[in-house]
1. In percent, how large is the relative contact order of the chain, given Cα pairs closer than 8 Å and 6 or more residues apart?
2. Top to bottom by accessible area (1.4 Å), largest first, where do 56, 93 land?
3. In whole percent, and with a 1.4 Å probe on the protein chains, what portion of the accessible area of the chain is carbon and sulfur?
4. Give the accessible surface of the chain per residue, rounded to a whole number of Å², with probe radius 1.4 Å and ligands, DNA and RNA excluded.
5. From the phi angles alone, apply the Karplus equation (6.51, -1.76, 1.60; θ = phi - 60°) to region 79-92 and give each ³J(HN,Hα) in whole Hz, x where the residue is Gly or Pro.
6. Ranked from the most accessible area to the least, with a 1.4 Å probe and all protein chains present, what is the order of 64, 37?
7. Using the Karplus equation 6.51 cos²θ - 1.76 cosθ + 1.60 (θ = phi - 60°), what ³J(HN,Hα) coupling, rounded to whole Hz, does each residue of region 66-72 give in order, writing x for Gly and Pro?
8. Measure nothing fancy, just the Cα-based angle from helix 25-35's long axis to the longest principal axis of the chain, in degrees from 0 to 90, nearest 10.
Amino acid sequence: MKIDSKVEEGILSIVLDGRLDSMTSGELEAHLERELTDSIQSLSIDLGAVDFISSKGLRVMVATYKKMNGRPMNLLNANASVKEVFRLSGLQKFFDLK
């Protein structure tokens, strides 16, 4: 998986490309651990190029949601199959899937 990120005015924007599964979720988790500092006011993750998300990928999203501690977290451009995984897991109510 490819991870691109930038921080501008307290907003961390991440673009993912590839599968978010048991082989790649650790890489994203480590990246978020480094980037999510107290100075980050908002997080945006673009899932437009993510064609698959596993339970491990969902776990990273939930852990990140908790770490944001009420700060805005947006998941953008998720395709229908990724949205379906969030729906089936019951997690769509926690995430603003746009």
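1. On the way: 153 pairs, mean separation 26.5, N = 98.
The normalised contact order for the chain reaches 27 percent.
2. Numbers: 56 95, 93 155 Å².
Output order, biggest surface exposure first: 93, 56.
3. On the way: 2770 of 5490 Å².
Looking at the chain in its full context, I get 50 percent from C and S.
4. That works out to 56 Å² for each residue.
5. With the stated coefficients, region 79-92 comes to 7, 4, 6, 5, 4, 5, 4, 4, 5, 5, 7, x, 8, 4 Hz.
6. Numbers: 64 10, 37 60 Å².
Of 64, 37, the descending order of accessible area is 37, 64.
7. For region 66-72, the Karplus curve yields 5, 5, 5, 6, x, 6, x Hz.
8. 20 degrees
The values are calculated or read from the model by the stated rules, or taken from the named source; none is laboratory data. All values derive from a computational prediction rather than experimental measurement. Ideal geometry is used to build each Cβ from the backbone, glycine not excepted, and the neighbour counts take in all protein chains shown. Accessible surface areas use protein heavy atoms only, side chains included; no ligands, DNA or RNA. Shrake-Rupley method; radii C 1.70, N 1.55, O 1.52, S 1.80 Å.
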